[in-house]
Amino acid sequence: MTATTDGSGGPAGARAATAGQRPHIHATGAPVEPPAPGDPPELARRAAARSVEYLLSRQDAQGWWKGDLETNVTMDAEDLLLRQFLGIRDPRTTDAAARFIRGKQRDDGSWPTFYGGPGELSATVEAYVALRLAGDQPDDPHMARAGAWVRQHGGIAGSRVFTRIWLALFGWWKWEDLPELPPELIFLPGWFPLNIYDFGCWARQTIVPLTVVSAKRPVRPAPFALDELHIDPGRPNPPRPLASVRSWDGFFQRADRALRLYHTFAPRRLRRIAMNAAARWIVERQENDGCWGGIQPPAVYSLIALHLLGYDIDHPVMRAGLESLDRFAVWSEDDAPGGGPVRMVEACQSPVWDTCLATVALADAGLPADHPALVKAADWMLDEEIVRSGDWAVRRPGLPPGGWAFEFHNDNYPDIDDTAEVILALRRVRHPDPARLEAAVARAGRWTLGMQSRNGAWAAFDADNTSLLPNRLPFCDFGEVIDPPSADVTAHVVEMLAHEGRAHHPRARRGIAWLLAEQEPSGAWFGRWGVNYLYGTGAVVPALTAAGIPGSHPAIRRAVRWLDSVQNEDGGWGEDLRSYGEKGWMGQGTSTASQTAWALLALTAAGERESKSVERGVTWLAETQRADGSWDEPHFTGTGFPWDFSINYHLYRQVFPLTALGRYVHGEPVVARDREGG
């Protein structure tokens, strides 16, 4: 399979980097060049040199890097359902998406949400429906297996709310049997419980348009029936037992019943005003590229909501939104017999994140600070700085803006994680306009400090977004819906502050104290945005040591012992996504390049460079490197929602191993203590 562009200009340049590989159906059968004999430092130097050349060859002419962001087939299925709902589904897109979806089916008929994972009911239902749209029939062998698996696991009635909303759009499920979500929610003030700003930004952007959809309850004619996915087609939705009235679940179940009654008697004028207010909120948050928040799900639901409110397909807002979704499509050619175009839909795109990580990796591997590739990357990142307020200002109204988002376009939602890492990247570059760089770093640093939560830690997008009530709503069964502080984000901020000479700043000290208190009894740290304890520990240990915590500190020694204890026999490290739900999976899984790198980053920062564990890990990276200087990694090591939504960042397998090898060869980055203060 060879990669092709999608004709959109920008992001396709990064996709072309995967030419000759399977960009979303992973590279297979490529020879791995045996490492030349030598000790681990020599192996590391040679592997790092090959990796530098590989990464440099993947930089876009504008200065950025971007690897494919692979999730699961619900993105592709819902894309087809959206096009069916809007009446714009075409045969070429449908056929290419269907090839991708079929290629991800498990032998038992189900679809997983991550590589090697178990079948998941909602993903399987949505994949099945998408293939029915593509013309696959219930008695086709692969469809019969899927239908049987769905029935064995609860049928449509057991699927998540979002799946049943998609089915309700076509009459395959009754709107009356879904949790109620009134558009009047838009009027609740910021201090009121369960106002829209109590939700994480990704949930907020999804819920607001869904309040319109919930109020309108549209039904488009279904092109076929789905009786084969019900356990009992005559009784597709058996009643669910009510939880105790004394529990939060019971309270919200009864509140939902009251809201359903309100739906019947809601004053029409008030409802119309509420839906119009929701529409204004949606349109005001559309990005310059037409997307919403730079992520696919809010864009999909925003398009449906606006269409229901009278925006036709040719309206500029709708047209720009649909074009933005087209840019999330990764096209490739299936080189198997009888193959054809294959289309994968990214849930998001990660150019800022990929670019700052690539810059750090190349600099730590010894690339000169004034190398043209690094300067070009810094220029691009500086151009991406966000200098206007967004929804984060609801909780921090007096804080001046600054920082960076994750995506190409997302000015409403800069995130703290990207901002900290971009600062770390920019500080590794000798830029020809140092005043411009200093000004951007100063603004971003001030904004980051101001986004600290009350407990001393940092979350990804908002401060103090910690209400537990949103997770209790019957509607919210689709993953994490709040944005509490996490160890990995806090660690990146602490590391950035240390490199800015602010390790003794009161806010940094509070962050350090929080991290030390959050260490697991095992010695690991939980990884909110990466899988999982390896990611958290790989972020926290380098941050603590950069901030002056010695390698002899008890917390660091506990982390080292834990990492040593979970190293695989082959010398690498790996962790399965099931560690989010089962402690027995902590640090357990097939060795991967990115997770091995995270362990090495922690161990070298802790002063373990000469240890056998580090030498074995470095050797594993050198021996598994491909001939072109890259690594293959089919496993998902990124996290959207812990367990519920997993990500394979295709550049993780390149940037983190290079960073780890570079620091092993050249030592840890020097803390810029001359900037102490502020």
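The values are calculated or read from the model by the stated rules, or taken from the named source; none is laboratory data. Just so we're clear, the structure is a prediction, and the values are computed from it rather than from any experiment. Cβ atoms come from the backbone with ideal geometry, glycine included; neighbour counts cover every protein chain shown.
Looking for something surrounded by fewer than 24 Cβ atoms within 10 Å (Cβ to Cβ) and over 23 Å from the mean Cα position of the chain (by Cα) - is there at least one such residue anywhere in the range 638-658? There is no residue in the range 638-658 that is surrounded by fewer than 24 Cβ atoms within 10 Å (Cβ to Cβ) and over 23 Å from the mean Cα position of the chain (by Cα). Across the range 563-580, not a single residue is classified as more than 23 Å from ALA503 (Cβ to Cβ), in contact with a strand residue (DSSP E or B) (Cβ under 9 Å, 6 or more places away or on another chain) and in a loop (DSSP other than H, G, I, E, B). Among the residues of the range 313-359, those that are surrounded by fewer than 23 Cβ atoms within 10 Å (Cβ to Cβ) and in a helix (DSSP H, G or I) comprise PRO316, VAL317, MET318, ARG319, ALA320, LEU322, GLU323, LEU325, ASP326. For the range 365-373, the condition holds for at least one residue, the condition being that it is in a loop (DSSP other than H, G, I, E, B), in contact (Cβ under 8 Å) with a residue 60 or more places away in the chain, among the acidic types (Asp, Glu) and under 21 Å from VAL441 (Cα atoms).
Residue by residue, here is whether (1) of a type outside the set (Ser, Thr, Tyr); (2) surrounded by fewer than 16 Cβ atoms within 10 Å (Cβ to Cβ) holds:
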site: TYR262; (1), (2): no, yes
site: ALA274; (1), (2): yes, no
site: ALA278; (1), (2): yes, no
site: GLU287; (1), (2): yes, no
site: PRO297; (1), (2): yes, no
site: SER302; (1), (2): no, no
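Of all residues in the range 551-569, those satisfying the criterion of being over 27 Å from the mean Cα position of the chain (by Cα) and among the hydrophobic types (A, V, I, L, M, F, W, C) are ALA555, ILE556, VAL560.
So that you can scan it fast, the table gives a plain yes or no per residue for (1) surrounded by fewer than 20 Cβ atoms within 10 Å (Cβ to Cβ); (2) assigned by TED's automatic domain parsing to the domain that holds VAL494; (3) among the charged types (D, E, K, R); (4) closer than 27 Å to LEU56 by Cα:
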| residue | (1), (2), (3), (4) |
| --- | --- |
| THR545 | no, yes, no, no |
| HIS553 | yes, yes, no, no |
| GLU615 | yes, yes, yes, yes |
| THR624 | no, yes, no, yes |
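Return only the number of the condition from (1) more than 21 Å from ASP60 (Cα to Cα); (2) touching a Ser or Thr at 6+ places or on another chain (Cβ under 8 Å); (3) hydrophobic (A, V, I, L, M, F, W, C) that ALA320 does not satisfy. It fails just one condition, (2). Candidates in the range 493-511 are the residues that are small (Gly, Ala, Ser) and outside any helix (DSSP H, G or I); of these, the one that is surrounded by the most Cβ atoms within 10 Å (Cβ to Cβ) is ALA503.
On the basis of being over 27 Å from PRO351 (Cα atoms), β-branched (Val, Ile, Thr), touching a Leu at 6+ places or on another chain (Cβ under 8 Å) and not in a loop (DSSP other than H, G, I, E, B), does VAL618 make the cut? In short, yes. Is there a residue being more than 30 Å from ALA123 (Cα to Cα), within 28 Å of the chain's Cα centre (by Cα), surrounded by fewer than 24 Cβ atoms within 10 Å (Cβ to Cβ) and assigned by TED's automatic domain parsing to the domain that holds ALA361 anywhere in the range 591-600? Scanning the range 591-600, I find no residue that is more than 30 Å from ALA123 (Cα to Cα), within 28 Å of the chain's Cα centre (by Cα), surrounded by fewer than 24 Cβ atoms within 10 Å (Cβ to Cβ) and assigned by TED's automatic domain parsing to the domain that holds ALA361, so the answer is no.
Only residues that are farther than 18 Å from ASN276 by Cβ and in a loop (DSSP other than H, G, I, E, B) were counted in the range 179-197, giving 9.
A quick yes/no check of all residues on (1) over 30 Å from GLY290 (Cβ atoms); (2) in a loop (DSSP other than H, G, I, E, B); (3) of a type in the set (A, V, I, L, M, F, W, C):
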position: PRO414; (1), (2), (3): no, yes, no
position: ALA425; (1), (2), (3): no, no, yes
position: ALA440; (1), (2), (3): no, no, yes
position: ARG454; (1), (2), (3): yes, yes, no
position: ALA457; (1), (2), (3): yes, yes, yes
position: PRO474; (1), (2), (3): yes, yes, no
position: VAL481; (1), (2), (3): no, yes, yes
position: ALA491; (1), (2), (3): yes, no, yes
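Take THR596 and tell me if it is modelled with pLDDT of 95 or more, farther than 16 Å from TYR533 by Cα and not in a loop (DSSP other than H, G, I, E, B). No: the conditions fail for THR596. Residues of the range 278-308 that are touching a strand residue (DSSP E or B) at 6+ places or on another chain (Cβ under 8 Å), hydrophobic (A, V, I, L, M, F, W, C) and more than 15 Å from CYS348 (Cβ to Cβ): ILE282 alone. Considering the range 180-195, and only residues there that are at pLDDT 90 or above and either under 22 Å from TRP166 (Cβ atoms) or not hydrophobic (A, V, I, L, M, F, W, C) (or both), the residue that is surrounded by the fewest Cβ atoms within 10 Å (Cβ to Cβ) turns out to be PRO189. You will find that of ARG430, ARG388, ARG396, the residue that is surrounded by 16 or more Cβ atoms within 10 Å (Cβ to Cβ) and assigned to a loop (DSSP other than H, G, I, E, B) is ARG396 and no other. One residue alone among GLY572, GLY581, GLY538, GLY587 is crowded, with 22+ Cβ neighbours inside 10 Å, under 25 Å from the mean Cα position of the chain (by Cα) and over 27 Å from GLY511 (Cβ atoms), and that residue is GLY572.
Of the helices (runs of 4 or more DSSP H) entirely within the range 45-156, those holding at least 3 residues that are closer than 30 Å to ASP354 by Cβ occupy 74-86, 91-103, 121-133. Does the range 76-93 include one or more residues that are at pLDDT 95 or above, closer than 16 Å to SER122 by Cβ, in contact with a strand residue (DSSP E or B) (Cβ under 8 Å, 6 or more places away or on another chain) and not charged (D, E, K, R)? No, the range 76-93 contains no residue that is at pLDDT 95 or above, closer than 16 Å to SER122 by Cβ, in contact with a strand residue (DSSP E or B) (Cβ under 8 Å, 6 or more places away or on another chain) and not charged (D, E, K, R).
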